[in-house]
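The values are calculated or read from the model by the stated rules, or taken from the named source; none is laboratory data. Please read these numbers as outputs of a predicted model, since none were measured by experiment. Positions of Cβ are generated from backbone atoms using ideal geometry, with glycine treated the same way; all protein chains shown enter the neighbour counts.
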Amino acid sequence: MRRAVALLALVGCGGSNAPLVVHPAEYDPIAETLTPLDDGAQLHLQIPPQGGVVLFIGATVEGMGAVQAQLYGSLTLGGVSVGNDRRSSRFVRTAGGDAVEPSLASSVGMANVPVCPDGALIAMGMKATLQVTVTEDSTGRSGSASLSVVPICQQSDPTLRQFCACECAADFTPGKC
C-alpha cells in the first residue's frame, strides 16, 4: 500500500512526460532583460566580448520543474544554417511564478548564436528562422519553438552600429571592417 501511495504521489507531482512550452525571447545584456519574440520580430545583433556578432537568445518556459537545462538556439536562412549555440543554463522562476527563464545576470546562460561575419549566408535585414529548444537535464523532457525573425544592427553607439553592419554585410571580406 505504501508503494502505491508513493507511486501516486510521483505521478501527481511532476511525473508528467508532457513537452515543455517554449516562448523564444531576446536577451538585452545592458538592461539584463528578456523580451518575448513574435513571428516577424526584429532581433538585435550584439557584439559580444569574444568578437563577431551574435544573437543573445533565451526563452520563457512553461511546465519545467528543473533548474538546470540545455538552451539551444539556431538561425537558418533559406534552409541553410547560419549559426547555432547550446548552453547549459540555470533557470529561475519568473515574477509570476508560472514559468521559468534563464538567469538574467549575464549573457553566459543565453544561447549566443553566431551570425556574422559570414557574408556567404546572411545580410543584415534578411528574414531568417530562429529555433529555440530547451531540454531539462534531470528528465530529458524538452520543448521547442520556431519563428521568423529579421536580424538587424541597432546599436546606440554609431561606431558599433557601423561595425555591426560591416561585419554582417553580404560582401564582407576579412580586414574590411
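Could you tell me whether region 150-166 includes any residue that is in a loop (DSSP other than H, G, I, E, B), closer than 30 Å to ALA69 by Cα and either among the hydrophobic types (A, V, I, L, M, F, W, C) or in contact with an Asp or Glu (Cβ under 6 Å, 6 or more places away or on another chain) (or both)?
Yes, that holds for at least one residue.
Looking for whichever is surrounded by 12 or more Cβ atoms within 10 Å (Cβ to Cβ), under 18 Å from PRO49 (Cα atoms) and modelled with pLDDT of 95 or more here; the options are ARG86, ARG161. Which one fits?
None of the others qualify; the one that does is ARG86.
Are any residues in region 37-90 of a type in the set (D, E, K, R) and under 13 Å from THR133 (Cβ atoms), and if so, which ones?
Passing the criteria: ASP85, ARG86, ARG87.
Inspect all residues belonging to region 112-127 and state whether any of them is more than 24 Å from ALA18 (Cβ to Cβ), among the small types (Gly, Ala, Ser) and assigned to a strand (DSSP E or B).
no
Does region 89-111 hold any residues that are assigned to a strand (DSSP E or B) and either in contact with a Gly (Cβ under 8 Å, 6 or more places away or on another chain) or of a type in the set (Lys, Arg) (or both), and which are they?
SER89, ARG90, ARG93, GLU101, PRO102, ALA111
Output the number of residues of region 70-83 satisfying the condition of being in contact with a strand residue (DSSP E or B) (Cβ under 6 Å, 6 or more places away or on another chain) and either of a type in the set (Lys, Arg) or over 12 Å from ALA111 (Cα atoms) (or both).
Counting residues in region 70-83 that are in contact with a strand residue (DSSP E or B) (Cβ under 6 Å, 6 or more places away or on another chain) and either of a type in the set (Lys, Arg) or over 12 Å from ALA111 (Cα atoms) (or both) gives 3.
Here's the yes/no breakdown for (1) at pLDDT 90 or above; (2) surrounded by 12 or more Cβ atoms within 10 Å (Cβ to Cβ); (3) touching a helix residue (DSSP H, G or I) at 6+ places or on another chain (Cβ under 6 Å); (4) of a type outside the set (A, V, I, L, M, F, W, C):
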residue: GLY73; (1), (2), (3), (4): yes, yes, no, yes
residue: GLY78; (1), (2), (3), (4): no, no, no, yes
residue: SER81; (1), (2), (3), (4): no, no, no, yes
residue: ALA95; (1), (2), (3), (4): no, no, no, no
residue: ALA111; (1), (2), (3), (4): yes, yes, no, no
residue: VAL134; (1), (2), (3), (4): yes, yes, no, no
residue: SER142; (1), (2), (3), (4): yes, yes, no, yes
residue: ALA169; (1), (2), (3), (4): no, yes, no, no
residue: PRO174; (1), (2), (3), (4): no, no, no, yes
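Test each condition in (1) within 25 Å of PRO174 (Cβ to Cβ); (2) in contact (Cβ under 8 Å) with a residue 60 or more places away in the chain; (3) in contact with a helix residue (DSSP H, G or I) (Cβ under 9 Å, 6 or more places away or on another chain); (4) crowded, with 17+ Cβ neighbours inside 10 Å for TYR27 and report the one that comes out false.
All conditions pass for TYR27, except number (1).
Any idea which residue in region 1-50 is modelled with the lowest pLDDT, counting only those that are in a loop (DSSP other than H, G, I, E, B), among the aliphatic types (A, V, I, L, M) and within 21 Å of SER142 (Cβ to Cβ)?
The residue in question is ALA18.
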